[in-house]
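The values are calculated or read from the model by the stated rules, or taken from the named source; none is laboratory data. Note that the coordinates shown come from a computational prediction; the quantities given were computed from them, not determined experimentally. Here Cβ is always computed from backbone atoms with ideal geometry, including for glycine, and neighbour counts include all displayed protein chains. These accessible areas exclude ligands, DNA and RNA; they are computed on the full protein's heavy atoms, side chains included. Shrake-Rupley method; radii C 1.70, N 1.55, O 1.52, S 1.80 Å.
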Amino acid sequence: MHMLEYFEAEKLLRIYGLSPIRSKYVSSAQEAASFSDGDEIVLKVLSDKAVHKSKAGLVIAGLKGEDEITRGYEELARKGKGFAPFRIIAQDMAKKGTEIIIGGKIDGQFGSMIMVGLGGIYVEAFKDVSLRVCPITEYDAMQMLDDLRSRDIITGGGEYKNMIIDLLMKVSRMFGEAGLKELDLNPVIVRKGGYDIVDIRMVK
Ligand code: ADP
Ligand code: MG
């Protein structure tokens, strides 16, 4: 069992028609600033030793302009030393939306399973997730969403239901076929007309 490196995981998502948010490893504040090109960005420390990055203060969102980005970069370069070896990744800042989790796991009895629910802190707070055996049909994906108490929040009152159904089917195919043991896309930020996958964890 090993965790896939971020860009290896990204590549696998792309093969299955999923598009992760624009990201790049940066090794200086200057590189981070030029990645931003004037827009807000997010900087994060990635390390196998940091499972909950934000809890450890390893995610800084909404950085804009050379000064802010430089300060953010320097802070993470300092904090990252506690989690060495580590890398700093720069990402576009996702537009506002609802954070959902799409995950996968191997169940001792049922094999590959896909999971969906409200993302972020709500995963643990509400235990409102729904699970199915991979691969799922379109009908299964629809039922997965209908089973959730949070279905209206997750689907924007149904407005982006079809988009999430499409995401679930692609993830289910990937998880079943690619020999993954664990998968967490947490969060996928969903909104009318689009989504952003901003945190990827894959174990093979
Ligand atoms: P972790 O789950 O390890 O704490 P994440 O990468 O999921 O780290 O980041 C924590 C939170 O920060 C996310 O749930 C989301 O709210 C926010 N976040 C992370 N990356 C982005 C991004 N690119 N754009 C907007 N918000 C982000
Ligand atoms: Mg996360």
(request) Return the long-range amide H neighbours of Ser112 (sequence gap of 5 or more, or a different chain), with a cut-off of under 5 Å between placed amide H atoms. (result) Asp107, Cys134
(request) Would you work out which of Gly157, Leu46, Met144 lies farthest towards the positive end of the dipole of the chain? Charges go on Cβ: Lys and Arg +1, Asp and Glu -1. (result) Leu46
(message) Testing the spin-label approximation: label points 7 Å from Cα along Cα→Cβ at Ala56 and Met3. State their distance in nm.
(response) 0.7 nm
(request) Please arrange Phe7, Phe35 by accessible surface area, largest first, computed with a 1.4 Å probe and ligands excluded. (result) Phe7, Phe35
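With all protein chains present and a 1.4 Å probe, how do Ser47, Ser54 order by accessible area, largest first? Please report the intermediate quantities before stating the final value.
Values: Ser47 10, Ser54 90 Å².
Descending order: Ser54, Ser47.
For the stretch 98-203, what does the relative contact order come out to in percent, with C-alpha contacts under 8 Å and a separation of six or more?
Working: 207 pairs, mean separation 34.7, N = 106.
Taking the mean separation of contacting Cα pairs over the length of the stretch 98-203, I get 33 percent.
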(request) For the chain, just say rounded, prolate or oblate: build the C-alpha gyration tensor, square-root its eigenvalues into a ≥ b ≥ c, call rounded for a/c under 1.5, and beyond that prolate if a/b exceeds b/c, oblate if not. (result) prolate
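Got a sec? What order do Tyr25, Tyr139 fall in by accessible area at 1.4 Å, biggest, i.e. largest, first?
Numbers: Tyr25 45, Tyr139 135 Å².
In descending accessible area the options line up as Tyr139, Tyr25.
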(request) Determine the sum of side-chain charges near Gly65: Lys and Arg each +1, Asp and Glu each -1, restricted to other residues whose C-beta is under 12 angstrom from that of Gly65. (result) -4
(message) I'd like the accessible area for His52: 1.4 Å probe, protein heavy atoms, all chains in place, Å² to the nearest 10.
(response) 110 Å²
(message) I'd like the orientation of helix 65-80 relative to the chain: the angle between its Cα long axis and the longest Cα principal axis, in ° from 0 to 90, rounded to 10.
(response) 80 degrees
(message) Using 24 Å as the Cα-Cα cut-off, could you pick out the over-long pairs in Lys24/Lys204; Lys53/Lys204; Lys24/Lys192; Lys49/Lys181; Lys24/Lys95?
(response) Lys24/Lys192
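Starting from the Kirkwood radius over alpha-carbon pairs of the stretch 18-64, derive D by Stokes-Einstein at 20 °C in a medium of 1.002 mPa s and give it in µm² s⁻¹. Spell out each step's value before the answer.
Values: Rh = 11.8 Å.
The calculation lands on 182 µm²/s.
Expressed as a rounded percentage, what relative contact order does the stretch 1-103 have, with Cα pairs under 8 Å and six or more residues apart?
On the way: 132 pairs, mean separation 36.3, N = 103.
Here the relative contact order equals 35 percent.
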